[in-house]
1. How large is the charge dipole for the chain, taken about the Cα centre, if only the Cβ atoms of Lys, Arg (+1) and Asp, Glu (-1) carry charge, to the nearest 20 debye?
2. Using amide H atoms built in the peptide plane, which far-off residues or other-chain residues are under 5 Å from Thr125 H to H?
3. Taking K and R as +1 and D and E as -1, what net charge do the other residues with C-beta under 15 Å from the C-beta of Glu231 add up to?
4. 5 Å is the cut-off here: which amide hydrogens, built 1.01 Å from N in the peptide plane, fall below it relative to Arg190, excluding neighbours closer than 5 in sequence?
5. So how tilted is helix 167-178 from the main axis of the chain? Cα-based, degrees 0 to 90, rounded to 10.
6. Once you've got the GNM for the chain with C-alpha springs shorter than 10 Å, pick whichever of Pro34, Pro48, Pro271 has the biggest mean-square fluctuation.
7. When a footprinting reagent is the concern and you count Cβ atoms within 10 Å, what order do Arg51, Arg147, Arg197 take, fewest first?
8. Between their Cα atoms, which of Lys109/Lys257; Lys91/Lys263; Lys109/Lys142; Lys97/Lys257 are more than 29 Å away from each other?
Amino acid sequence: MSRVRRFGFLAFGFLPWAMGLGPWALTPGPRQSPAQYDVHAVRFATLPAFRVSSLVADADPARRLDIAMMVWVLRSPERVVLVDAGFYRDKFMPQWKPVDYVRPSDALKAGLGIEADQVTDIIVTHVHWDHLDGADLFPRAKVWLQREEYDYYVGPGGEVRNRAIDPEDAAMVARIAADGRLMLADGDDREILPGIRVYTGGRHTFASQHVGARTRSGTVILASDNAYLFENLERGVAIAATIDRAANVAAQARMLKLAANPKLVVPGHDPAVFDRFPLVKPGVVRID
Ligand SMILES: [Zn+2]
């Protein structure tokens, strides 16, 4: 709603004239379009020769794939929203041996010119290290988790309730909560920001969520690890790591319907994301 239009309505035509604005203030302005985002995937590392059978439930154990580590960026004139935050703590490097690693905040700066303190919100799809760990690289961002995910994995003092979350990450989320920046979403199909909805049911973790964003092309769905690869979505096969296979398959089928086009469902670790969508820069593709 434009200021002029609201003003004209409230003042019922008197004040605009009094202020010399003239009759144009009474004519309805152009309808303000609802919030809409441009969407990019930004790659910050590769995990080489990852076992595909750890990603796709029925895959041949011999298959290997260099998987992409990425974050997704939703931008509107009002907001810069990350979906997931990657990882940066040193401890993960020898353990997982990422190659072509760039700190996620540096990848955002290099790829899209976004400074860390410009990020307004981070929607964390689930508490695993490779999606949550980077959340404290962005000092001003509100951090969104599902309430059930937070309560299941993080105790009131920031302690680990289930070892799927790294202890340092649990403590970090508790610090963000103490700082007043933790936002908890209550369940499925919630519009948490204008034009952005979160959905549960993927059951990668206890209450993992995926994200739908309104774009110029209609709804884009960021599946994160609720669908690791395009192969999960295209063959209707559960992810290998789920606490409920049937729920995961149903959630993937739903994602394909929620998206404006089945091609606009983006899986969590598929390197083909960077082939299927137009390249903006090395390691950056535009999704919408
Ligand atoms: Zn992951």
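1. Here the size comes out at about 920 debye.
2. Here the answer is Asp84, since their amide H atoms fall under 5 Å of that of Thr125.
3. -1
4. Amide H to amide H, under 5 Å and 5 or more residues apart or across chains, Arg190 pairs with Val198.
5. Long axis of 167-178 versus the principal axis of the chain: about 20 degrees.
6. Comparing Pro34, Pro48, Pro271 in a Gaussian network model of the chain, the most mobile one is Pro34.
7. Taking fewest neighbouring Cβ atoms as first place, the list is Arg147, Arg51, Arg197.
8. Lys109/Lys257; Lys91/Lys263; Lys97/Lys257
Each value in this text was obtained by applying a stated rule to the coordinates, not by laboratory testing. The structure presented is a predicted model; accordingly, all values stated were derived computationally and were not measured. Cβ atoms come from the backbone with ideal geometry, glycine included; neighbour counts cover every protein chain shown.
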